[in-house]
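A quick write-up on the structure given underneath.
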């Protein structure tokens, strides 16, 4: 009798599980990026709301219920070219952090409810890896089973993301200085994703599986050379990044400068009609004569990097300004950091 009751209980527990909960995810689901959208909203001047998109992202729900979304931050689209460049270089620092990664779990309970109702709302925890920081957040999502092989997953309400929690406050300040506006230090994100079962529609049976997103073909700028206006805007933005580093009292480029230097090289190469003055600046610590020489050597080091990597020497000049042109007070560590900088001043041939 005891064995019979145990068997009945086990059978009941088995039946209570969502039918085909694991099989419903086989052989995996692939995001239809062309039919999906991912947007974030920001507020400037306290009341002006702006909506921006990402042009390139990939996503997949694996048979074990693990879900992954990879976002190419370089594909940020504000609908204005130089605003896009500011977002890439000053805020997201895509030369160091090219993508954001979202991870979540699709549970058997979610699958069972969706199969029985065809449309359901879930509170879904997820991890967001952004700018080198990982945080766990929660999204309220509406999932709709459009067919046996196609699912819609959309935000039921915007997801709030704090700029400070992801270590982006300094970058927000750079963005505010460049755009000359105040920006609320948080954003909200909305999305509307469509997933197809692998082997159906546009979802192949193989491929994908966590490869880094390639934004080359979706970056919102033309290939080839930039216009004069685009070049001038990009050099002005590069001058604000603060991502060229030297050891204290040294003119030797730190290896941490390499990501931005590569971007500088690319932009300089795509502005062939532009001559560039590399300008070095220091804070006011130490003797003015020493700072003058240090600023000259640092500017020369950056110019030499460009020349060594194929930029014609006649297109470049290096000049040091020492401590003579501060952009902030030297009374604070933050101000001194802003004054120690390399700027790029373009001139048309």
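Mind checking which residues of segment 264-280 are surrounded by fewer than 23 Cβ atoms within 10 Å (Cβ to Cβ), over 16 Å from residue 347 (Cα atoms) and touching a residue at least 40 places away in the same chain (Cβ under 8 Å)?
265
Based on this model, can you work out whether residue 140 counts as more than 22 Å from the chain's Cα centre (by Cα) and within 26 Å of residue 92 (Cα to Cα)? Can you show your working first?
On the way: more than 22 Å from the chain's Cα centre (by Cα): yes; within 26 Å of residue 92 (Cα to Cα): yes.
The answer is yes for residue 140.
Would you check which residues across segment 307-320 are in a loop (DSSP other than H, G, I, E, B) and surrounded by fewer than 18 Cβ atoms within 10 Å (Cβ to Cβ) and list them? Write out each step before concluding.
First, pick out the residues of segment 307-320 that are in a loop (DSSP other than H, G, I, E, B): 309-312.
Hits for segment 307-320 are 309, 310, 312.
Go through segment 304-326 residue by residue and tally those that are touching a helix residue (DSSP H, G or I) at 6+ places or on another chain (Cβ under 7 Å) and without any contact (Cβ under 8 Å) to a residue 40 or more places away in the chain.
Total meeting the criteria: 2.
Restricting attention to segment 257-273, does a residue exist that is farther than 30 Å from residue 80 by Cα and more than 23 Å from the chain's Cα centre (by Cα)? Show your work before the answer.
To start, the set of residues in segment 257-273 that are farther than 30 Å from residue 80 by Cα comprises none.
No - not one qualifying residue is present in segment 257-273.
I'd like to verify a number: residues in segment 149-195 that are part of a loop (DSSP other than H, G, I, E, B) and touching a residue at least 24 places away in the same chain (Cβ under 8 Å), how many?
The total comes to 9.
Scanning for something modelled with pLDDT of 95 or more and buried (at least 19 other Cβ atoms within 10 Å of the Cβ), does segment 325-336 turn up at least one residue?
There is no residue in segment 325-336 that is modelled with pLDDT of 95 or more and buried (at least 19 other Cβ atoms within 10 Å of the Cβ).
Residues are listed down the side, and each one gets a yes or a no for (1) on the phi < 0 side of the Ramachandran plot; (2) surrounded by 19 or more Cβ atoms within 10 Å (Cβ to Cβ); (3) not assigned by TED's automatic domain parsing to the domain that holds residue 97:
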site	(1), (2), (3)
132	no, no, no
136	yes, no, no
140	yes, no, no
148	yes, no, no
153	yes, yes, no
156	yes, no, no
164	yes, no, no
176	yes, no, no
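Which count do you get for residues in segment 107-141 that are in contact with a helix residue (DSSP H, G or I) (Cβ under 7 Å, 6 or more places away or on another chain) and either more than 19 Å from residue 74 (Cα to Cα) or not in a strand (DSSP E or B) (or both)?
Applying the first criterion (in contact with a helix residue (DSSP H, G or I) (Cβ under 7 Å, 6 or more places away or on another chain)) to segment 107-141 yields 111, 115, 120, 122, 130-131, 133, 135.
Now narrow it down to the ones that are either more than 19 Å from residue 74 (Cα to Cα) or not in a strand (DSSP E or B) (or both): 111, 115, 120, 122, 131, 135.
Matching residues across segment 107-141 total 6.
Please go through segment 230-284 and pick out each residue that is touching a strand residue (DSSP E or B) at 6+ places or on another chain (Cβ under 6 Å), within 13 Å of residue 95 (Cα to Cα) and not in a loop (DSSP other than H, G, I, E, B).
238, the sole residue that qualifies.
Please go through segment 235-259 and pick out each residue that is touching a helix residue (DSSP H, G or I) at 6+ places or on another chain (Cβ under 8 Å) and within 21 Å of residue 313 (Cβ to Cβ).
235, 238, 244, 251, 252, 253
Here's the yes/no breakdown for (1) more than 20 Å from residue 128 (Cα to Cα); (2) touching a helix residue (DSSP H, G or I) at 6+ places or on another chain (Cβ under 6 Å):
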site	(1), (2)
37	no, no
43	yes, no
52	no, no
71	no, no
94	no, yes
104	no, no
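The values are calculated or read from the model by the stated rules, or taken from the named source; none is laboratory data. Just so it is clear, the model here is predicted, and its values are computed rather than measured. Note that we place each Cβ from the backbone using ideal geometry, even for glycine, and neighbour counts take in every protein chain shown.
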